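The values are calculated or read from the model by the stated rules, or taken from the named source; none is laboratory data. Please read these numbers as outputs of a predicted model, since none were measured by experiment. Neighbour counts run over all protein chains shown; Cβ positions are idealised from the backbone, glycine included.
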Amino acid sequence: MIRAFVAIELPDSLIQVVLDLIETLQDLPGSRQLRWVKPQALHLTLVFLGDVDFEIVPDISVALRTCALNQASFEIALAQPGAFPSWERARILHLGVADPSHQVSELQRSISKALEPLGFKPEKRRFTPHITLARVRNKADRDELATFAERAQQGRLTGDFSWEVVDFHLVRSELLPEGPKYSLLQSFKFGASQ
């Protein structure tokens, strides 16, 4: 068994933008109430597969290849920081992703539908494209966290942080004591037979 997910990677130029934002947020009061994501873990998850029998990985690859073959490139952009489920009850701090053409949402639906015959149930929650920046610690001080949330909401990205998405990836996730380790299993380029 392996733990896996399907994701869009950020271009290197935008990873630095995100890291600069994280550094700014880490300077705010209350930031110690969060566990921050490591730079190599920054990505936009399309579909989380969970534990997968290694024997069906080839079938997953066929389904993903078909989705990629039928997909044209599209543009998305980094948006503003946010929190799930809300700033008041934050569990996850994230960076929003603007999807003006709704193509990333369509791609996510296409992948979910293609994987359903393999036993992967579609996510019931509405898909909200985002990049996870941090998770709230289990025993977080809620007052400190509230102070952090109030200040973090004032932080804004300024500029055009868009990029053209031309592929997506099947990624393995290993849960280790020092945090998750991700390794690329396969990439799927849009509109290309692979």
**Request:** Could you check how many residues of segment 158-183 are more than 25 Å from residue 115 (Cβ to Cβ) and β-branched (Val, Ile, Thr)?
**Result:** 1
**Request:** Say whether the condition of being within 20 Å of residue 60 (Cα to Cα), of a type in the set (A, V, I, L, M) and modelled with pLDDT of 95 or more is met by at least one residue in segment 90-104.
**Result:** yes
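Taking the options 79, 72, name whichever one is of a type in the set (Gly, Ala, Ser) and over 18 Å from residue 189 (Cβ atoms).
The unique qualifying residue is 79.
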**Residue within segment 112-125 that is within 24 Å of residue 73 (Cα to Cα) and touching a strand residue (DSSP E or B) at 6+ places or on another chain (Cβ under 6 Å) present** = yes
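So, in segment 105-119, how many residues would count as being closer than 27 Å to residue 15 by Cβ and touching a residue at least 40 places away in the same chain (Cβ under 8 Å)?
Within segment 105-119, residues that are closer than 27 Å to residue 15 by Cβ and touching a residue at least 40 places away in the same chain (Cβ under 8 Å) number 5.
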**Item:** Qualifying positions in segment 152-171 - outside any loop (DSSP other than H, G, I, E, B) and either of a type in the set (A, V, I, L, M, F, W, C) or over 21 Å from residue 59 (Cα atoms) (or both)
**Value:** 152, 162, 163, 164, 165, 168, 170, 171
**Prompt:** Picking from 122, 81, which residue would you name as being free of Cβ contacts under 8 Å to residues at least 24 places away in the same chain and not basic (Lys, Arg)?
**Reply:** 122
**Prompt:** How many residues does segment 96-148 contain that are in a helix (DSSP H, G or I) and in contact with a Pro (Cβ under 6 Å, 6 or more places away or on another chain)?
**Reply:** 3
**Complete:** For residue 174, the lone unmet condition from (1) at pLDDT 95 or above; (2) among the acidic types (Asp, Glu); (3) in a strand (DSSP E or B) is (1)
**Message:** Can you find, within segment 106-140, the residue that is farthest from residue 45 (Cα to Cα) among those that are surrounded by 16 or more Cβ atoms within 10 Å (Cβ to Cβ) and of a type in the set (Gly, Ala, Ser)?
**Reply:** 140
**Fill in**
For segment 111-126, the count of residues that are within 17 Å of residue 53 (Cα to Cα) and among the basic types (Lys, Arg) equals 1
**Request:** Would you check if there is a residue in segment 61-69 being at pLDDT below 95 and not hydrophobic (A, V, I, L, M, F, W, C)?
**Result:** no
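Within segment 35-52, can one find any residue that is among the charged types (D, E, K, R) and either within 16 Å of residue 155 (Cβ to Cβ) or under 15 Å from the mean Cα position of the chain (by Cα) (or both)?
Yes, segment 35-52 contains at least one residue that is among the charged types (D, E, K, R) and either within 16 Å of residue 155 (Cβ to Cβ) or under 15 Å from the mean Cα position of the chain (by Cα) (or both).
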**Message:** Return the residues of segment 145-179 that are surrounded by 15 or more Cβ atoms within 10 Å (Cβ to Cβ), of a type outside the set (Lys, Arg) and closer than 26 Å to residue 2 by Cβ; say none if nothing qualifies.
**Reply:** 165, 166, 167, 168, 169, 170, 171, 173
**Asked** Just one of the numbered conditions (1) in contact with a helix residue (DSSP H, G or I) (Cβ under 9 Å, 6 or more places away or on another chain); (2) of a type in the set (D, E, K, R); (3) closer than 17 Å to residue 166 by Cβ is not true of residue 12; which one?
**Response** (1)
